[in-house]
Structures are given as structure tokens and as C-alpha cells.
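**Student:** Right, I'll just put the structure down here and ask away after.
The values are calculated or read from the model by the stated rules, or taken from the named source; none is laboratory data. The shown structure was predicted, so the numbers you read here are calculated from the model rather than taken from an experiment. We place every Cβ from the backbone using ideal geometry, glycine too, and count neighbours over all the protein chains shown. Each accessible area value is taken on the protein alone, full model and side chains, heavy atoms only, with ligands, DNA and RNA left out. Shrake-Rupley method; radii C 1.70, N 1.55, O 1.52, S 1.80 Å.
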Amino acid sequence: MSNGRVKVGFIGAGTISYLHELGYHDNETGELYAIADPAPGLAQSRKEAWGAQKAYTDYKELLADPTVDAVEILLPHHLHLPITLEALSAGKHVSLQKPMAISMDEGHQIAAAAAASDKVFRVVENYRTYEPYMRAKAMIEAGEIGDLVTIRVMMVRGKGQGGFDTPPAAQSWRDDAALGGPAQSMLDYGYHVTSIVTYFMGSIEKVNAMSDLDGPEGFTGIPAVISWRHTGGQYGNWNMVTAPDMMVRTKYYPLDEWIEITGTRGIIWINRCTGDMLGKPPVEMYRDGEMRSYSDMETDWGDSFRVAAHNFTDAIVNGTQPDMDGEEAVHALAFALGAIKSASEGRDVKLAEL
Amino acid sequence: MAGTNLRVGFIGAGQIAALHALAYVDNPDAVLHAIADRDPDTRSARAAEWGVDKTYSDYRDLLADPDIDAVEIILPHHLHLPVTREALAAGKHVSLQKPMCLSLDEADQIITASSASTRLFRVFENFRSYEPFLLARKLIDEGEIGDPLSLRMKNISGRGVGGWTHTPIARAWRSDSAQSGGHLSILDHGYHMASIAMYLMGHVESVHTLSTRNGGDAFALAPAMITFRFADGDRLGSWEIVRAPDLLVRTEYYGGDEWVEVTGTRGVVWVNRCSGDLLGVPPVTLYRDGVTRQFSDMDTGWDASFRDGGREFTKAIIDGTQPDLDATEAKAVLAFCLAAIKSESDHREISLGELESKGVTG
């Protein structure tokens, strides 16, 4: 931190890294300093495109670079555990891309290593820094809809109109369960939903999922319908469907989500996230006979990555803990793995049994 | 049939009968000829309100009246089976208010009785005559959303403003599980929801419920999260039942509302209101190909569904056709509800087929 800014290295420079890079354009507390990727020429070309200072083909060299203060780990899921452990041992602050890991055992090992380290560790799940969700959370905490009772989540995968395609290099490792983990709909994509549901409603007691866990290659576990009870007595459900002919306006993945949260006094809707399928105001609230729309916020999904990176480097500078800490990240993982176990075994799964 | 018009008798003239009576205002096929109710105050008030001359304290006398062609049975649920059988045996056409009855065994007895009769029998579930649901079904049938894949339903009850509360009589029998069957959010109101799910997406194969039992409250279970698999392939559904005690619900009737979303391969259709008008938005919305369309040119009054549903009954008698719900379909709806209730107590997904051999009751 020679100039007062955290020097960040990316380990992994695949598809999603360009969204993470948005967090270092105008960041007063951090800069993108180094990039490591084993693909020939990729780290070098990213370094040039992004104005970073170092490129490595071996992440171990990046971790050995004493100028690097912090890393963002943007790798296939099976590498999350070993490289997080190495990075913390090397004395780097760590931001680990979601999903935390592909098993509870791995998640616990990561959380234990993070707890034993004096460096900042967080799992980055960008929906928690998507402004419409943050706005809804602030409204809930201000008591606008009373005490929370239920949440409903809808996700549609459609035909993207304007967004990006996942390149073969990002898809191939996801198709291998040993690398990507099981049931992408619930673990990889789904980690966003388990994160945002717990963000709004708190921890989960038990979960049930209906899905035959097959489905399109690279996105197994869809269609699905999942329901759960929170430890605080609230309930939720989550439908996921692939609609091949559904036009989804998007700059990113060809999917979108909408969420409805019911309280004792009112209801909040967050009408978009990854895409902008419905073209409605991003946040609406019903209370006391009146429907209100809120549009005074950044709705670009990509902006949630920018905010997340700022939270990371700000927290390092300020010595605070950014979302999600190890414990919270393990819980979101348990929710996802619990849903998969439920679908596979045809029974309710209590998260405590995992 | 006597005269040019069908003569219909109501067996039971309680709270909901006020909406059933709307079918006989300016009905070209039928008149409301007689009512039976054991409560003298109800009887006299309804007779005056509806201009009905003939009243009976005992429904058996109404069934013995040769002037009566058809009856609407609007009674506590435990009476649905015996009174339906007596009415069919007396040669009357029968419209039986939902829910069909309390168990699959009772449903089978009703099916047997209606099969043995030459008279028309149907269960009256008015959501299937509610114009926004009819439009949603039409849009689906016309292929507007492609092949339907996902159904999401919500039933929310709050603090009704402008509408009804249950009368003391309606509340008393509903609070007694022996009369009502209990679990009313799923068996009683839920019968509407189960019916509409099947109307829009087809039959249901298995169901799972997460809920909390509210002690002895017969109106439980709520909140509840019910999920289900349709018989047709990969179709899945969810159904939320939630109570929000401080949530204001604009309504002319009960203090609740329902909304439904069906997602297909190409589009999404929403029905944004039913028994209340909580949201104050157009009743039907369709998304497809980047365009959202709103439909408002329809009768959205919940009362209109009773009027139209009642008229479907009398017209079908004249035309010799079978209106919704026939006995088999009505039993399938009941099985969906009973499986949802059983799932909550057994803590597992229940296949509707497994209810058959076990004589499960609510």
C-alpha cells in the first residue's frame, strides 16, 4: 500500500474477471496491480488492456510478489479451497468469487483458515451489492413493510437479447462436477440466490427442492422449485425455469430474476437483476393501499461488481469485515448444498445435518 | 321441469349464498324458487332480499318439492356428501359448493351417486368462472407464452378494507374441524387455488408443504409454502399462503387476494387480482418478445364469477352438457389439497396416487 491504495492481484482472468476489473477504474482505496492466468498470453493481454503492472502465468509467483496486498480469486470452484489457503498463508487479503466451495468440508476449511488469519477474507457475491437489493434491504430495515413473513424468488433463463455468451473455456470446467461442483442451478448460479435470500431474511432451518437434477448441459438442476423455512419462522420459495424462446433484454447473462418480500404490513418487489426483462421500475412497494415505484438508483448489474470491489479495498484500509464473512458464506453454501441433497434424496434437509 | 324456467332451490342460505343468488338475477334459464336454511333469521332475511316466496327449515322438504328442478348445496363441508346423495336420489340436478367434501372416500361416494344418476352434478368452484383466469387460460391455449412450464400462486390475507368479515354462523362451523375439515387455508380457500392451478397447467402428480401449525386454529395452515410437480413432464409449481395482519387489502369481500404467474417457453402471463383488489393494477399482464401487454377489458368483480358460474350450471342443464367441475375433476382437486395437508404432517413429498389406498381424510 505504498501510495495508500491496496494493490490487488487477480488470480484467474476468465470471463467474469472483466466485471471485477470495473471495481478498479475509480477506486480510491485499491488498484489492480497484477494478473495471473495459466492460459498462454491471457494475463499479459489483460494486463495491457487494464493498465496493470504485472502479469504471471503461475499464481504462485503472484502470491510470492511482496507488492501484492490482496487477491481476488476468480477460478474454477475446485480450486477455491487450496488457493485461498495458499493466499492467506502468503499474507494476502482474499476476496473469493462465489460459490465459496463445492462441499461443506471445503467451506469449513476456508472459514477456519480465514478465522485464523489476521487478513481480510470475504466471499464476493455481487447480488448483495446490487443497488436495487441494497435499497430493498434498507427499506426493510427501516420497518417499511413491518416484520418479514415470506419471500418468493423467480428466475427465468431465456434467449439473451444484447448480452454476452459464456465462452467454451468458461463452460467446459463447469460441465465437470469435479471442477464446478454439482447442480449449477443451485450451487453456481444458485449461490447468488441463497446469498440474497439469507441477506434479506436471515438463516435457513430446512429446505426442500423438487428437481430431477439433470437439465441443459452446463446448467443442470433446472427446472426446479425450492421451498424453505428460516430459523426465525419465515418461509420462502424459488422457481427456476429455462424458457428457450423467452426474450430477455440483458447486457450480461440471458437470465433475469424477480423477488417479492411480504411483511406484516406491506410488500416489496425487486423487479430485475441480471437482465431487464420486464422493463418495470427496479423496486416497488405496496403499503397502506398505495403502490410506490423507486427508480432513483443504478440498475446495471455490472455496477454491483464495482461496488463489491470498493467494499473489499475500503474494508482492508479501514480494518473492517466486508460481506460475506466466512460464517455467512458457509451458510449460503449449506443452503445450496441442502437444496441439492433434498432434490437428490427426495426429502426435507435440515441445514444442521450437513 | 315445471314451466319454461328451471326452478332452483338453495340448500343453505349463509354468507356465501349472497353471491350465488346473483346468478338468478336476470337469468334467462332459471329462477331461484326456494331456499332451505335451519336458521329462521337467515331464512326470512334472505327470502325478503331475494324475493323468494318459498322457504323451508328442513332441506328434506325442499328436496320433496316437485317444483324444484335443481339445487345449489351451500352447506358446511361435512354435509356435502349426505345432502348431495339425497338431492340426486330425489331427482334434482346438483351444484355443490366447493370444497367437494372432506375425504377421497367421500368423493368416491359422490362420484358413484352422480354416475348412477341421470341428473347433472358439478362442484362449483367460482375461480374457474372468473374472467381474468379465463383470459389467462385463453392466452395460454392460444400459444401466447409457448409451452407452460412454471406456475407461481400466492394467496395473501390481510386487513380487509371495505369488505366482509365472516358472520358468527360461518365462523362457528368453520372453527369446528368435524364440520369444516380444518386446515382451511388449504382445504377450503385452497380448493380454489388447487382448482386454478389445474385449470391453467393440468393435473398434479405430487405435492410438498412446509408450514407451521397454529395450535387449534382451524384456519391454519399459514404461512405455508406448497410446491408441486404436474403430471405433464417438467412442469413445476409453487403456492404461497401468507397472512399479513397489518396489510391493507381493498376488497368488497374477504380480506385477501390472490395472484398467479405462469411462465412458458416464450412468455409469461400474470393474473394480478381475484377476490380482492390489493394491487390496483390491470387484472391480466402478458410478457412476450420484449413487449408487456396489459388487459383490462373484462369484468374483474369477484362477484361476477359467482354470477357466471351459476349461469353455467343452469345453462348446462338446459343444454344437456357438463360444466366444470365434473365429479372426477373435483376429486382430483380435492386430492391435491389433501396431499398438501398430509405432506405438512408427514414432512415429505406426497404423491396423489398414494392417497387412494389409505382412505386419507383431512
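**Student:** What do you get for Rg/Rh over segment B:1-69 if you use C-alpha atoms and the Kirkwood form of Rh?
**Tutor:** 0.94
**Student:** May I ask you to derive the relative contact order of segment B:8-94, considering only C-alpha pairs under 8 Å and at least 6 residues apart, and to give it as an integer percent?
**Tutor:** 33
**Student:** For segment A:94-248, what is the convex hull volume of the alpha-carbon atoms per residue, in Å³?
**Tutor:** Per residue, the Cα convex hull of segment A:94-248 comes to 151 Å³.
**Student:** Among B:Met201, B:Gly276, B:Val123, whose Cα lies farthest out toward the positive end of the dipole of chain B, if unit charges sit on the beta carbon of Lys, Arg (+1) and Asp, Glu (-1)?
**Tutor:** Towards the positive end, the residue furthest out is B:Gly276.
**Student:** For chain A, what does the helix formula give at 222 nm: sum of -39500 (n - 2.57) over DSSP H segments with n ≥ 4, over the residue count, nearest 500 deg cm²/dmol?
**Tutor:** Roughly -9500 deg cm²/dmol at 222 nm, from the helical runs in chain A.
**Student:** Per-residue ellipticity at 222 nm for chain B, helices alone: DSSP H runs ≥ 4 residues times -39500 (n - 2.57), over residue total, nearest 500 deg cm²/dmol?
**Tutor:** It comes out at -9500 deg cm²/dmol, rounded to the nearest 500.
**Student:** Now a separate question. If the elastic network links every pair of Cα atoms under 10 Å, which of A:Pro99, A:Pro40, A:Pro322 fluctuates the most in the Gaussian network model of chain A?
**Tutor:** Among A:Pro99, A:Pro40, A:Pro322, the largest GNM mean-square fluctuation belongs to A:Pro40.
**Student:** Please tell me the relative contact order of segment A:1-80 in percent, rounded to the nearest whole number, where contacts are Cα pairs under 8 Å and at least six residues apart.
**Tutor:** So the answer I get is 39 percent.
**Student:** Let me know the shape class of segment B:252-362, please: from the alpha-carbon gyration tensor, a ≥ b ≥ c as square roots of the eigenvalues, rounded when a/c is under 1.5, otherwise prolate if a/b is greater than b/c, or oblate.
**Tutor:** It is oblate, given that a/c is not under 1.5 and a/b is not larger than b/c.
**Student:** What's the carbon and sulfur percent of the protein assembly as shown's accessible surface, probe 1.4 angstrom, rounded to a whole number?
**Tutor:** Using a 1.4 Å probe with all protein chains present, the protein assembly as shown comes out at 49 percent carbon and sulfur.
**Student:** For A:Glu327 paired with B:Asp58, estimate the spin-label separation in nm (one decimal), with each label point 7 Å from Cα along the Cα-to-Cβ line.
**Tutor:** Between A:Glu327 and B:Asp58, the label points sit 7.1 nm apart.
**Student:** Shifting gears a bit: In Å, what Rg and Dmax follow from the Cα atoms of chain B?
**Tutor:** 19.8, 61
**Student:** Restricting to Cα atoms and excluding each atom paired with itself, what does the Kirkwood estimate give for segment A:1-160 in Å?
**Tutor:** Over segment A:1-160, the inverse of the mean reciprocal pair distance is 17.3 Å.
**Student:** By what distance, in whole Å, do the Cα atoms of segment B:85-144 stretch along each of the three principal axes, largest value first?
**Tutor:** Each principal axis gives a Cα extent; for segment B:85-144 these are 44, 23, 17 Å.
**Student:** Using only Cα atoms, what is the ratio of the radius of gyration of segment A:30-115 to 2.2 N^0.38 Å?
**Tutor:** In units of the globular-protein estimate, segment A:30-115 measures up at 1.10.
**Student:** While we're here: When we measure straight from the Cα of B:Lys92, which lysines land under 16 angstrom away, once same-chain ones fewer than 8 places off are left out?
**Tutor:** The qualifying lysines are B:Lys315.
**Student:** Now for a separate question. Pick from A:Asp300, A:Asp176, A:Asp256: which residue has the top mean-square fluctuation in a GNM of chain A where Cα pairs under 10 Å get a spring?
**Tutor:** Comparing A:Asp300, A:Asp176, A:Asp256 in a Gaussian network model of chain A, the most mobile one is A:Asp176.
**Student:** At a temperature of 10 °C and a viscosity of 1.306 mPa s, determine how fast segment A:305-350 diffuses translationally according to Stokes-Einstein, using the Kirkwood radius over alpha-carbon pairs as Rh; express D in µm²/s, rounded to the nearest whole number.
**Tutor:** Answer from the Stokes-Einstein relation: 126 µm²/s.
**Student:** So with the 1.4 Å probe, I'd like the accessible area per residue for segment B:117-217, rounded to whole Å².
**Tutor:** 34
**Student:** At R0 = 56 Å, how high is the FRET efficiency between A:Asp58 and B:Val291 if r is their beta carbon distance? Nearest 0.05 is fine.
**Tutor:** 0.65
**Student:** For segment B:70-187, with equal point scatterers placed on the C-alpha atoms only and solvent neglected, what are the log10 I(q)/I(0) values from the Debye formula at q = 0.13, 0.23 1/Å, to two decimals?
**Tutor:** Summing over Cα pairs of segment B:70-187 leads to -0.72, -1.23.
**Student:** Follow-up question, since we're still on this one. Divide, for segment B:1-152, the radius of gyration over alpha carbons by 2.2 N^0.38 Å, where N is the residue count.
**Tutor:** After normalising by residue count via 2.2 N^0.38 Å, the value is 1.17.
**Student:** Same structure again: Would you tell me the mean number of C-beta atoms belonging to other protein chains that fall within 10 Å of each C-beta in B:237-243, as a whole number?
**Tutor:** Going residue by residue through B:237-243 and averaging, the value is 6.
**Student:** What does the highest-first list of B:150-157, B:241-248 look like by mean Cβ count within 10 Å?
**Tutor:** B:150-157, B:241-248
**Student:** Using only the Cα atoms, what convex hull volume per residue in Å³ does segment A:206-252 have?
**Tutor:** Measuring per residue, one finds 118 Å³ for the Cα hull of segment A:206-252.
**Student:** With a 1.4 Å probe and every protein chain left in place, tell me how much accessible area B:Tyr199 has, in Å² to the nearest 10.
**Tutor:** Per-residue accessible area (B:Tyr199): approximately 30 Å².
**Student:** Is the shape of segment B:32-88 rounded, prolate or oblate, going by the alpha carbon gyration tensor and its root eigenvalues a ≥ b ≥ c, with a/c under 1.5 for rounded and a/b larger than b/c for prolate?
**Tutor:** oblate
**Student:** Something else now. When all C-alpha to C-alpha distances in the protein assembly as shown are sorted into bins of 20 Å, what percent of pairs does each bin hold, rounded to whole numbers?
**Tutor:** In order of increasing distance, the bins hold 17, 45, 26, 10, 2, 0 percent.
**Student:** Going by a ≥ b ≥ c, the root eigenvalues of the Cα gyration tensor, does segment A:200-335 fall in the rounded group (a/c under 1.5), the prolate group (a/b larger than b/c) or the oblate group?
**Tutor:** rounded
**Student:** Could you tell me how far the Cα centroid of segment B:263-323 sits from the Cα centroid of segment B:45-66, in Å?
**Tutor:** Centre-to-centre distance over Cα atoms comes out at 33 Å.
**Student:** On to the next question. Between segment B:13-28 and segment A:115-189, how many Å separate their Cα centres?
**Tutor:** 51
**Student:** What is the sum of charges, Lys and Arg at +1 and Asp and Glu at -1, for the other residues whose Cβ falls under 12 Å from the Cβ of A:Met277?
**Tutor:** After counting each charged neighbour, the total is +2.
**Student:** Report relative contact order for chain A in percent, whole number only (criteria: Cα-Cα under 8 Å, sequence separation at least 6).
**Tutor:** Once divided by the residue count of chain A, the mean separation gives 21 percent.
**Student:** Once each part is reduced to its C-alpha centroid, what is the distance from segment B:111-184 to segment A:28-104 in angstrom?
**Tutor:** Each part reduced to its Cα centre gives a spacing of 57 Å.
**Student:** Rounded to the nearest 100 Å², what's the accessible area chains A and B bury against each other, both chains counted, probe 1.4 Å?
**Tutor:** 3900
**Student:** When only alpha-carbon atoms count, how far does chain A stretch along each of its three principal axes, as whole angstroms with the largest first?
**Tutor:** That works out to 58, 44, 42 Å along the principal axes.
**Student:** Dipole of segment A:23-103, Cα-centred, from +1 at each Lys and Arg C-beta and -1 at each Asp and Glu C-beta, to the nearest 20 debye?
**Tutor:** Roughly 220 debye for segment A:23-103.
**Student:** Let me ask another. Under 17 Å between alpha carbons: how many lysine pairs meet that in chain A, if sequence neighbours fewer than 8 apart on the same chain are excluded?
**Tutor:** 13
**Student:** If you don't mind, another one. What translational D, rounded to a whole number of µm²/s, comes out for segment A:276-354 from Stokes-Einstein when the hydrodynamic radius is the Kirkwood one over Cα pairs, at 10 °C and 1.306 mPa s?
**Tutor:** So the translational diffusion coefficient is about 95 µm²/s.
**Student:** Moving to a separate point now. If you rank B:Glu349, A:Glu48, B:Glu205 by how much accessible surface each has, with a 1.4 Å probe, what is the order from largest down?
**Tutor:** A:Glu48, B:Glu205, B:Glu349
**Student:** Can you give the Rg to Rh ratio for segment A:169-274, taking only C-alpha atoms and Rh from Kirkwood?
**Tutor:** The Rg/Rh ratio comes out at 0.98.
**Student:** Further question on the same structure: Under a GNM of chain B (C-alpha, springs under 10 Å), which listed residue has the highest mean-square fluctuation: B:Ser275, B:Ser115, B:Ser185?
**Tutor:** B:Ser115
**Student:** Another question about this same structure. Given R₀ = 51 Å, what would the calculated FRET efficiency be for B:Asp105 paired with A:Ser203, taking r from the Cβ atoms and rounding to 0.05?
**Tutor:** Once the sixth-power term is evaluated, E becomes 0.75.
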